[in-house]
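The values are calculated or read from the model by the stated rules, or taken from the named source; none is laboratory data. All values reported here derive from a predicted model rather than from experimental measurement. All Cβ positions, glycine included, derive from the backbone under ideal geometry; neighbour counts span all protein chains shown. Note: accessible area is taken over every heavy atom of the protein model, side chains too, but ligands, DNA and RNA are not part of it. Shrake-Rupley method; radii C 1.70, N 1.55, O 1.52, S 1.80 Å.
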Amino acid sequence: MFVDLQQDWAAGVAAGLANDGIARFDQITSRAQLVTLGASLGQVVPHRDSDGDGITTLENRGGVGRRLGFEGFGSGALQPHTDRSGVTDPPALLLVVCGRRGDSGGDCIAIDGSSVYADLAVNEPRAVEAFSQPRTALFGGAAGYLGSVFELAPGGRIRVRYRRDDLVKFSPDVTRWLPTLNEAIDRHALRFPLDPAQGYVLHNHRWLHGRTAFTGVMHRLSLNPHPEFAIPSGFVPADTVVVGR
């Protein structure tokens, strides 16, 4: 869903998130506009590498961007993942805006977890069962979060938590299904570029994201949405009817 910010501002973005878990937009030409849009959507969640306004700048950071756990804040390629998987309650929304497009790379990659779940439920239901078992994945290292790829959320909804790097350990019963999961993720990957002032926001409990390596500058914010927008967490499994949110 592409939102006209001049007409709809945060309400239009919130509607896209409530329906699809993702929304794209343009016309964010300054850092101040990004902060204003973020504050209109929700409460900013600071990150280890963010500035005082909550924005994290993504650019070439030399060797720092190649350190384990710091790759997301450099300019290298990123495998599909959900943000902050190693904490109990990861921020719900991820907002990304292009500050300066480089000479090469920088395509965004987004994967709807509900599509991956539905794919596996039809083609390999044993994988869904395995990835839904509690305490089968340790995210974020020894002091991280012990959970599962697919987690049951209130109202019968499903939340997604995932990463592909060395900061996750899966139980043997789950490890055997990782190639099946990764193939499904790749089948449902969407890829799109961002020009300066363009951006997207996605629900981190539903959508995975990644990117190709780039030479420009990107800005990002993590948020928890304002309650009045009623943006649900995760997704409803296919053929399930949920009353309320």
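Counting only protein chains, not ligands or nucleic acids, how are 129, 228 ordered by accessible area (probe 1.4 Å), most first?
Result of the area sort, largest leading: 228, 129.
Just to make sure I understand: if all protein chains stay in place, what is the order of 191, 48, 220, 163 by accessible area at 1.4 Å, largest first?
Per-residue accessible area, sorted high to low, gives 191, 48, 163, 220.
Near residue 151, within a Cβ-to-Cβ distance under 10 Å, what is the net charge of the other residues, with Lys and Arg +1 and Asp and Glu -1? Provide the component values of the computation, followed by the final result.
On the way: positive: 157, 159, 161; negative: none.
Summing Lys and Arg as +1 and Asp and Glu as -1 gives +3.
Based only on the alpha carbon positions, what is the Kirkwood hydrodynamic radius of region 92-147, in angstrom?
By the Kirkwood definition, the hydrodynamic radius is 14.8 Å.
Write down the radius of gyration of region 18-60 and its Dmax, each obtained from C-alpha positions, in Å.
In order Rg, Dmax, the Cα atoms of region 18-60 give 11.8, 35 Å.
If each DSSP helix of 4+ residues adds -39,500 (n - 2.57) and the sum is divided by the residues in the chain, what number results at 222 nm, nearest 500 deg cm²/dmol? Can you show the working numbers first?
Numbers: 6 runs with 59 residues, N = 245.
Value at 222 nm, helices only: -7000 deg cm²/dmol.
Ignoring ligands, DNA and RNA, how do 162, 117 rank by accessible area with a 1.4 Å probe, largest first? Don't jump to the answer; show the numbers that get you there.
On the way: 162 5, 117 35 Å².
Per-residue accessible area, sorted high to low, gives 117, 162.
Based on the alpha carbons, how large is the Rg to Rh ratio for the chain when Rh follows Kirkwood?
0.95
Computed over the Cα atoms of region 83-197, what is the ratio Rg over Rh, Rh following Kirkwood?
Taking Rh as the inverse mean 1/r over Cα pairs, Rg/Rh reads 1.00.
Using a 1.4 Å probe and ignoring any ligands, DNA or RNA, find the accessible area of residue 83 and quote it in Å² to the nearest 10.
Residue 83 has an accessible surface of roughly 20 Å² with all protein chains in place.
Can you give the alpha-carbon Rg of region 168-234 over 2.2 N^0.38 Å, where N counts its residues?
Rg over 2.2 N^0.38 Å, computed on Cα atoms: 1.47.
Express the accessible area of the chain per residue in Å², computed with a 1.4 Å probe while the remaining protein chains stay in the model.
Numbers: 11370 Å² over 245 residues.
Each residue of the chain exposes 46 Å² on average to a 1.4 Å probe.
With +1 assigned to the C-beta of every Lys and Arg and -1 to the C-beta of every Asp and Glu, and no other charges, what is the dipole magnitude of the chain about the Cα centre in debye, to the nearest 20?
Computed about the Cα centre, the dipole is about 520 debye.
What percentage of the solvent-accessible surface of region 124-245, computed with a 1.4 Å probe over protein heavy atoms, is contributed by carbon and sulfur atoms?
54
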